[in-house]
């Protein structure tokens, strides 16, 4: 077969594949149905930059607690928060409206400093000495709140915890201890069903 004929056959096969793939679409639905929203923030704006839409259009995900389980709370903010700003909001705890709906926190008496490891998707959280008079009610839930909040960000995949520069052993949902890196999936068993 000569080269122009071979090219014609290849083009014909390619067009047939495109036609078949194009015919495989999603059919229209007559009834409305529930849609799962993404767990990641609903914008791609860089952390700390202003969102190009009207104020209150950026989603900030915080993992708080209801009935001893982790729950994602989405707050609307004016600009994408940095990782540190998001953790500061987490440490501030639930708003009055969230408290009135039964949402609490296991994070008390902590000071956390967050840094992102450039290009690796890993966040390092330095834990300052906790005030012993303000002990956390559930250490696993507390660490889960931080990990789930940070991994809700598009720029964070995993989290390690340190204290005075040394990695901490952190309890996961299955009861095992890990020096990290920790992922949202390590605490999935503690997430409340929707």
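The values are calculated or read from the model by the stated rules, or taken from the named source; none is laboratory data. Not measured: the values here are computed from a predicted model. Cβ sites come from the backbone with ideal geometry, for glycine too, and all protein chains shown count toward neighbours.
Take residue 97 and decide whether it is modelled with pLDDT under 90 and within 20 Å of residue 58 (Cα to Cα). So residue 97 does not fit the description; no. The residue pairs whose first member lies in region 159-178 and is part of a loop (DSSP other than H, G, I, E, B), whose second member is crowded, with 17+ Cβ neighbours inside 10 Å, and whose beta carbons are closer than 6 Å, counting only pairs six or more residues apart or on different chains, are 168/161; 172/178; 172/186; 173/187; 173/190. For the residues 91, 62, 107, the requirement of being free of Cβ contacts under 8 Å to residues at least 24 places away in the same chain and under 15 Å from residue 148 (Cα atoms) singles out 91. Of all the numbered requirements in (1) over 16 Å from residue 152 (Cβ atoms); (2) under 17 Å from the mean Cα position of the chain (by Cα), residue 83 misses one, and that requirement is (1).
I'm trying to understand the selection: among the residues of region 103-128, which are over 19 Å from the mean Cα position of the chain (by Cα) and either outside any strand (DSSP E or B) or at positive phi (or both)? Result: 108, 109, 110, 111, 128. The set of residues from region 65-79 being part of a strand (DSSP E or B) and closer than 12 Å to residue 138 by Cβ comprises 65, 69, 70.
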